[in-house]
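The values are calculated or read from the model by the stated rules, or taken from the named source; none is laboratory data. The structure presented is a predicted model; accordingly, all values stated were derived computationally and were not measured. Cβ coordinates were reconstructed from backbone atoms using ideal geometry, including for glycine residues, and neighbour counts include every protein chain displayed. The protein model used for the area step is the full one, side chains on, heavy atoms only, and it has no ligands, DNA or RNA in it. Shrake-Rupley method; radii C 1.70, N 1.55, O 1.52, S 1.80 Å.
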Amino acid sequence: MKHTCLAPVAGFLIVVLFLSFPEPSNAQFRIGARGGVNVATLSVSPGDFYWDQSRISSYVGAAFGGIMQADFSGPFFLRFEPMYIQKGTNHRVDYATEIGSLSGLVVPLKLEFLQVPVSLGVQFGEGALRPYLFAGPNIGYMLTRGYNRTDFALDAGLGAEYAVSATCSVLLDVRYSAGLSNLNSGDPGAPELKSRGVQPMAGVLFKP
């Protein structure tokens, strides 16, 4: 899928999420914050020696931001999560030493983003502890120079919410994020680099 097609696709998915609920006026809104880490790497197009998949490994970066959640009647919710997140990878660079042998140096590649995941979720159970599943599109803007500025991704994950009180809940979840954009699209001769990440996170939600 070409990068130019990703924006309308992501927009269409967001509209579908909204239209999934015929009576949005019945929603209850909550706000909160969350933080965690992104265990990130890059998917590399095959055949490139420098960015060969065997030369890269996971990079652990920070992830934190806010939550805006609309709880609809029944088990469904819609969640917006504007956040700062670090993506990238650890890249091994081989070089020759003075005695002629090869050695490797691991260089972290940190890519900083502002992004907004939009997730449709479903909760299970009626007690204080409620597990949930969620999925949806993710639109990110890269702050790091030298790469494509936007990253469209699809996220999916699972977690649990524990109601501490009638107005406060604690969240624990983990998601997998698969980038659809080629972060090297500004250079026609460069290999394709697409973001991948597993994000364990904790957060709190408050009912105003």
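Full extension from Ala202 to Tyr176: what is 0.36 nm times the residue separation minus their Cα-Cα distance, to one decimal in nm?
On the way: separation 26, 0.36 × 26 = 9.36 nm, distance 1.49 nm.
Length gained, Ala202 through Tyr176: 7.9 nm.
Tell me, how many Å apart are the Cα centres for the range 30-48 and for the range 106-126?
Spelled out, the Cα-based centre of one part sits 7 Å from the other.
What is the list of residues in the range 34-52 whose amide nitrogen lies under 15 Å from a point 7 angstrom out from the Cα of Arg92, following Cα to Cβ?
49-52
Quickly work out the Ser43-to-Cys168 label distance, labels modelled 7 Å from Cα along the C-beta direction, and quote it in nm with one decimal.
A separation of 4.1 nm, rounded to one decimal place.
What are the ³J(HN,Hα) values, in whole Hz, obtained from phi via the Karplus relation 6.51 cos²θ - 1.76 cosθ + 1.60 with θ = phi - 60°, for each residue of the range 150-165 in sequence order, with x given for Gly and Pro?
10, 9, 9, 9, 10, 10, 8, x, 8, x, 8, 10, 10, 7, 6, 8
Under the 0.36 nm per residue contour assumption, what length would be gained going from the current alpha-carbon distance of Leu129 and Ala156 to full extension? Spell out each step's value before the answer.
Numbers: separation 27, 0.36 × 27 = 9.72 nm, distance 2.04 nm.
Separation in residues times 0.36 nm, less the Cα-Cα distance, equals 7.7 nm.
Per 0.36 nm of contour for each residue apart, how much would the distance between Glu112 and Leu143 grow if the chain were fully extended, relative to their Cα-Cα spacing? Write out the running numbers ahead of the final one.
Numbers: separation 31, 0.36 × 31 = 11.16 nm, distance 0.53 nm.
Taking 0.36 nm per residue and subtracting the Cα distance, the gain is 10.6 nm.
Given a 1.4 angstrom probe, what's the average accessible area per residue across the range 35-78, in square angstrom? Don't skip to the answer; put the middle values down first.
Values: 2060 Å² over 44 residues.
On a per-residue basis, 47 Å².
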